[in-house]
Amino acid sequence: MNESFSGPPLSAPASHIFFSQRLRLHYIDWGNRNAPPMVLVHGMQDHCRTWDDLAVHLKDRFHLVAPDLRGHGDSDWVRGSAYHYLDYIYDLHQLIHQLNFAPVTLVGHSLGGAIAALFSGAFPECVARLVVIEGIGQWSDEQPEAAYGQKIRDWVAQTRGLSGRQPRRYRSLKEAYERMQQANPQLAAEQALHLTTHGSNQNEDGTFSWKFDNYTFNFSASGMSAAEMQHLWGRIDCPVLVVNADGGLEHRIGHGGTLQHFRDARLRVVRDAGHWTYHDKPREVLALIDEFCGG
């Protein structure tokens, strides 16, 4: 069952823009500038306002910032087809550098969890704590050298296929909202409406489309190998909290022996929850974050 999560009235965060690799990227800032910094990194085909329910309960103790990843939300789409881990890591570094946030607490979900973990290994001096919620792990592009030619051929075919894919158009916001509920049946009605409202744009003809770029489905043909990923995990100096759901996805950090590559990591499993764990069980996830961060 999905939890309702009533709490203090939701105050609106401020929207800001920063630039990374010539892209105009968007983030929201919940204020409280004298508090310790925390950056919330969303997952694939999501957006920064996905964190709102948690943010309203954390903003009194942290200076909260949540970016829209490139190709998502109100951030620019790339020119070309590839969305590479390294580019996402650069964007996150650019944000933290510009805000002078280091050392920061990072909280990431799904793709955002993978990015936050890789960033923490590349720049361990910049991260005080790391929370990974259903983070992608061991999802590697590594293949034997003999198969690399076929890998390129597959990537070309996939890229060409995406070139003809048009953003889906919904006749009304209600229709988009119903699609959100259909795809994520554990979401409460008010959550689905909130995510739909902030995750869609109205087109010139009055229809609605999701904000994310379809090319975010297509990672670069030259991906990060499992060995490289494990090396970065092993460089993380800070404590790591891994939060997974019993009904989550495969290939997650915390599964398949991945925790052995971390120096200081603990795994917590949330029951009766799916991949969007912090929406399905917000109270439990918030309690885990509070305990981990000394709240």
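General observations
- Restricting segment 10-39 to residues that are of a type in the set (S, T, N, Q) and assigned to a strand (DSSP E or B), the residue that is surrounded by the most Cβ atoms within 10 Å (Cβ to Cβ) is Ser20.
- Test: residue in segment 228-244 that is surrounded by fewer than 17 Cβ atoms within 10 Å (Cβ to Cβ), hydrophobic (A, V, I, L, M, F, W, C) and either closer than 14 Å to Gly137 by Cα or modelled with pLDDT of 90 or more (or both): no
- All positions within segment 170-198 that are surrounded by 14 or more Cβ atoms within 10 Å (Cβ to Cβ) and closer than 29 Å to Ala157 by Cβ: Tyr170, Arg179
- Positions within segment 237-277 being outside any helix (DSSP H, G or I), touching a residue at least 60 places away in the same chain (Cβ under 8 Å) and β-branched (Val, Ile, Thr), in sequence order: Val240, Val242, Val243, Ile253
- Of all residues in segment 86-110 being under 21 Å from Phe292 (Cα atoms) and not β-branched (Val, Ile, Thr), the one that is surrounded by the fewest Cβ atoms within 10 Å (Cβ to Cβ): Ala102
- Residue match in segment 53-61 (condition: out of contact with any Ser or Thr (no Cβ under 8 Å at 6 or more places or on another chain) and more than 18 Å from Gly294 (Cα to Cα)): yes
- Highlighted here are the strands (runs of 3 or more DSSP E) found entirely within segment 40-135 that include at least 2 residues which are β-branched (Val, Ile, Thr) and over 23 Å from Lys211 (Cβ atoms): 104-109, 127-133.
- Some residue of segment 267-278 being within 23 Å of Tyr83 (Cβ to Cβ), surrounded by fewer than 18 Cβ atoms within 10 Å (Cβ to Cβ) and either in contact with an Asp or Glu (Cβ under 9 Å, 6 or more places away or on another chain) or among the basic types (Lys, Arg) (or both): no
The values are calculated or read from the model by the stated rules, or taken from the named source; none is laboratory data. For clarity, every value in this text was computed on a predicted model and none was experimentally measured. Neighbour counts are summed over all protein chains in view; Cβ atoms, including those assigned to glycine, are modelled from backbone coordinates with ideal geometry.
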